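Written below as structure tokens is the structure these notes are about.
The values are calculated or read from the model by the stated rules, or taken from the named source; none is laboratory data. Everything quoted here is computed from the prediction, not taken from an experiment. Reconstructed Cβ throughout: ideal geometry from the backbone, glycine too, with neighbour counts over all protein chains shown.
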Amino acid sequence: MNALMEQLRVDECLSDLSEELAAIGPLSLRQRATVKALSAATRVLRLRAITNDRAAFAQRFAAPSSRELNIRTRPHSGIDDDTRMLFERTGVAGPLRVCAEDEARELADHIRALLRDPHNPLRRQIAAHNEHRAREMAAREDILLGFNAFMYDARVREVLLRPPIVEAMQALMATNRVACWRSQVFRQRPGVRTPMHQNVEFPETYGHRSLTLRPNRVFRPNSALNAWISLTHAGPDNGCLVVLAGTFRDTRVYDLGAYFAQHPTALLTCLAFFPRHEVERMLPVLLYGSGNHRGVTKLMLRFADFFHNDLFAQEVSRCDFVSRPGELWVFTSFAMHGSMPSQTDAERLTLVGRYIDEQDIAVGQNELVLSLGEVVRIDPHTQGWCNVARADTRPLRDRQHRAPASARTRRDAM
Ligand SMILES: O=C(O)CCC(=O)C(=O)O
């Protein structure tokens, strides 16, 4: 067994679902009946499961789309060669500077104000479904109110399209067609952490349904990258992001989730490998868990660990995203990452932009889907928001507007 998985089992409490079950709360009569019926179904499948060997069952979870697991970047004046080469090996690059420290602090204030603002366009949409919920979220400055702010907030959009980010993305994705399709705000406070996970959001999973791989294109670890921009100091003291560099080469947790999303009965067969008392705790998490599928993510890691005894066995190193305000780290969406709770009262605030190479991936309408007890869907087009932010990647000389003829004549005459 490899040391990384041993560590992850402990850090992520892989076989303990108490927190996730507590977050769901008591099940209704109907929910309890569903759990019982499905648990009985897994017992019927149990005989088939235990006569089946694990490795043979695991063979089914092959990658759902063409996949290339090596990273190839390209030289660019915006990023030095050593950083680029290290990124090819680890899937991580940074820290790079996006803006001055003072500006980062101002941006942090701007984002905090956005989270409280009664006129925040996202808050207005949530209020249209549930006024009370929207007010409650604003009162606690819920970071969800900063979700996809690039769509309607010109300042956030402008920052996410700054040359230091876009040029790094162009080099690391080896493309000119960089687009930001999602942004998020993360805040770290004592007692709260982000569990370890991989980020890929593809239609074949339980994730985002807008992104699709273009015909005849291959999904690469650098087709979808994240820019983690620290607006405050970030370090192990206040729960900075931790990325397990090198893990992008192993997509088996993701592949297993993708397979189950498309073959729900195979998920029941998978559960049949586990004892009944565990199945009865796993089912409510799979069926009724919310909050960005965090419980589901943990279960997928648990299942992958059960079926593959060499998970994340290749060269992996821990990278703490230690940053000064205004610094940026880039990581591939296939890298395992998460954070530990803050040990101080100093808040860590981070703006994350998620980028794709539009040569490989099409964004689609990019509807926002928020799980707030009920599912709230917001189509950016009908709101007059921009659904995807694209950088102008033409050379500078082609971008400058030509001066009006009269001005040109005057200058030319001088
Ligand atoms: O900053 C954090 O705590 C979490 C960030 C994260 O999970 C992400 O950017 O995908």
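Remarks
- Criterion (in a helix (DSSP H, G or I) and either under 17 Å from H337 (Cβ atoms) or within 10 Å of the ligand (Cβ to nearest atom) (or both)) met by exactly one of Y254, Y259: Y254
- The conditions of being within 16 Å of the ligand (Cβ to nearest atom), under 21 Å from the mean Cα position of the chain (by Cα) and more than 25 Å from P221 (Cβ to Cβ) are met by G295.
- Meets criteria (crowded, with 22+ Cβ neighbours inside 10 Å, away from the ligand (no atom under 16 Å from the Cβ) and either at positive phi or in contact (Cβ under 8 Å) with a residue 12 or more places away in the chain (or both)) for M151: yes
- Just one of the listed residues (R177, R157) is in contact (Cβ under 8 Å) with a residue 12 or more places away in the chain and either within 16 Å of the ligand (Cβ to nearest atom) or buried (at least 17 other Cβ atoms within 10 Å of the Cβ) (or both), namely R157.
- Here is the figure for region 304-347: residues that are over 18 Å from the mean Cα position of the chain (by Cα), within 14 Å of the ligand (Cβ to nearest atom) and not hydrophobic (A, V, I, L, M, F, W, C) total 5.
- Condition met for R394 (closer than 15 Å to V166 by Cα, modelled with pLDDT under 95 and either away from the ligand (no atom under 16 Å from the Cβ) or not hydrophobic (A, V, I, L, M, F, W, C) (or both)): yes
- Just one of the numbered conditions (1) of a type outside the set (D, E); (2) at pLDDT below 95; (3) within 17 Å of the chain's Cα centre (by Cα); (4) away from the ligand (no atom under 15 Å from the Cβ) is not true of P215: (3).
- Summed over region 349-382, the residues that are surrounded by fewer than 24 Cβ atoms within 10 Å (Cβ to Cβ) and within 21 Å of A108 (Cα to Cα) give a count of 2.
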